Amino acid sequence: MQIGTIGAGDLAQAFAKQVLKAGHVVKLSNSRGPNSLREIVNRLGPGAAAATTEEAAACEMVLLAVTWDSVREALASLPKWKNQILIDGVNPFHGRAGDFTPAGVGNLSTSQLVAALAPGARVVKAFNHMIVANLEADPVVNGARRVAFISADDDDAKKRVETLLDNCGYSVVDLGNLRDGGLIQQAGGPLAGRDFFEKGEYRK
């Protein structure tokens, strides 16, 4: 499967490492263009490619991995979505690493706002609870599988992301819809930053 990323920072690179190991192809993009991604792509190795944001967004599955303040601009610059799955990995913080300020999103999850900004996309919330170091680490430790939470309003899209994460080695837990499940796992929710494992040997 071809998977795109909108954003090519730490989150996108950690995600790319896991899906590349599972045998997929990743097209990374950022606001500065493909030429700025050569070093990252070379470091990730075979299966990774630099792309424009339009090319990345055209993939059947796309990870949104930009800062919260960049979400609106990043999505506004893209062509109309045509039923692609958009994985929302964004948490509601202003600023960048080391200078975070919580963003007010009212009674909504970030993914509900992302869905409103990306009509035509099927939004699935994932990786919001997981710090980058845990996403980058091996999902299977001593036979136990790291838990990955997902939420979505579209059951088929959620199932496809669940399958992807299961193939990567994660134990996937469905938290329900974008609002209720999203609020539980995103920054400020009770699962944010926690690292859970499920016992039981994993055989790929």
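The values are calculated or read from the model by the stated rules, or taken from the named source; none is laboratory data. Given the structure is predicted, the values throughout are model-derived calculations rather than measurements. All Cβ positions, even for glycine, are placed from backbone atoms using ideal geometry, and neighbour counts span all protein chains on display. Note: areas computed on protein heavy atoms with side chains; ligands, DNA, RNA excluded. Shrake-Rupley method; radii C 1.70, N 1.55, O 1.52, S 1.80 Å.
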Zone reached by a paramagnetic label modelled 7 Å from Asn167 Cα along Cα→Cβ, restricted to the range 123-156 with backbone N below 12 Å, covers none
Summing +1 for each Lys or Arg and -1 for each Asp or Glu, what net charge is found among the other residues whose Cβ lies under 14 Å from the Cβ of Ala152? -2
Quick check: Cα centre of the range 1-39 to Cα centre of the range 112-190, how many Å? 18
So if each residue of separation counts as 0.36 nm, and I subtract the Cα-Cα distance between Glu60 and Asn142, what length gain in nm does that give? 26.2 nm
From the Cα gyration tensor of the range 107-189, with a ≥ b ≥ c the square roots of its eigenvalues, which class applies: rounded if a/c is under 1.5, or else prolate if a/b is larger than b/c, or else oblate? prolate
Average accessible surface area per residue within the chain, 1.4 Å rolling probe, Å²: 47
Size of the dipole of the range 154-204 about the Cα centre, Lys and Arg at +1 and Asp and Glu at -1 on the beta carbon, nothing else charged, in debye to 20? 140
Explain nothing, just the number: dipole magnitude of the chain about its Cα centre with +1 on each Lys and Arg Cβ and -1 on each Asp and Glu Cβ, in debye rounded to the nearest 20. 320
In whole percent, and with a 1.4 Å probe on the protein chains, what portion of the accessible area of the chain is carbon and sulfur? 49
Using r as the Cβ-Cβ distance of Asp156 and Leu108, and R0 as 25 Å, what FRET efficiency do you calculate, to the nearest 0.05? 0.65
List the extent of the Cα atoms of the chain along each of their three principal axes, largest first, rounded to whole Å. 44, 42, 36
Of 70-77, 168-175, ordering from highest average Cβ density within 10 Å down gives 168-175, 70-77
For the range 1-78, how big is Rg over Rh, using alpha carbon atoms and the Kirkwood form of Rh? 0.93
Is the shape of the range 38-83 rounded, prolate or oblate, going by the alpha carbon gyration tensor and its root eigenvalues a ≥ b ≥ c, with a/c under 1.5 for rounded and a/b larger than b/c for prolate? oblate
For the charge dipole of the chain, defined by +1 on Lys and Arg C-beta atoms and -1 on Asp and Glu C-beta atoms about the Cα centroid, which residue among Gly189, Gly45, Ser111 has the Cα displaced farthest towards the positive pole? Gly45
With labels modelled as points extended 7 Å from the Cα through the Cβ direction, what inter-label distance (nm, one decimal) is found for Arg72 paired with Asn35? 3.1
